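Some notes on the structure that comes next.
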Amino acid sequence: MIRLEVFRCAPLSCWLTRESCGDRSETRKPLCATCAVGAQHARGELPTTWPDGAPIELDVREVDRPAPPPVPNASRATTFQRQTRAQRARRAAVSNAVATQPRRGPANARSIAYDGRTVSLSELARLTGIHRGALKHRIEQLGLSAEEAVARGRDTRHLPKRTWPFDGREVGIEELARAAGVTQPTMRYRLYVLGLTPEAAVARKRRAPSSGGAA
C-alpha cells in the first residue's frame, strides 16, 4: 500500500493527484486547458485555493502499489539454455545410434543356397521375380528348398496349405478357428506367436471385448 495526496477537482467533480492534474493541463484535456490550478500543478506549484478564493479540498488515500514490471530472469534463461543443449545432445545421440546400426541388406539377411551360390531372401526375390513374402512362406513355413520354392513360380494359388494334427486328423487354420470360435488371424496369433499346440490354441479362452487385442 502507498499513500497518495489527492485533491477534489471542482470542474471535473472527482479526486485527482496533483501530477495527473498537471498532465491534463499540459495535454489540453477538456475543462483543463484553461484551468489556472492545472497550470500551477503543471509548473510544479502547490496551490491551496481556487481562483475564486475557495480552498482546495485535500485528502490522503491508500492505494495498492502497482506490481513492478517483470525483470528478465538470468537464471531462468540459463536453465532454459541448459535444457535446450541437453535436448540437442539427446537428439544427436539418437541420430548417431541409428546411423551406426547395421543396415539390413544381403550381408545381414538370412543366407540361402541357390544355384550354387549364397544369396539373401531379397536377392532371391529380385533374381526370380517372385514376391519376397511368397518365398519366405515357402522356405520357412513349408520347409522347401530355395530351388523348390522358385520352381513353384509366381502363382501361389495352388500352394499346399499347412495343416495341424487335431482330433485325430489333419486340419487347416480355418477349421481350428471355427472350433475355437475365433477369427483366423487370432488362431494364427495363438499358433505362430504364442507357439501353442492346436489343442491348447482351441481350448484357450477368448479375452473380454473390453481388453482389446487377440486372445
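When Rg and Dmax are taken over the Cα atoms of the range 2-63, they come to 10.9, 32 Å.
When peptides 123-130, 193-200 are ranked by their average number of other Cβ atoms within 10 Å per residue, the highest-first order is 123-130, 193-200.
Within the same chain, lysines fewer than 8 places from K161 are excluded, and of the rest, those with a Cα less than 23 Å from its Cα are K136. In this structure, the amide hydrogen of Y114, modeled 1.01 Å from its nitrogen in the peptide plane, lies closer than 5 angstrom to those of V119, counting only residues at least 5 positions away or on a different chain.
All of the numbers you see were taken from the coordinates with simple rules; none came from a lab. Not measured: the values here are computed from a predicted model. Every residue, glycine as well, gets a Cβ built from its backbone with ideal geometry; the counts of neighbours run over all protein chains shown.
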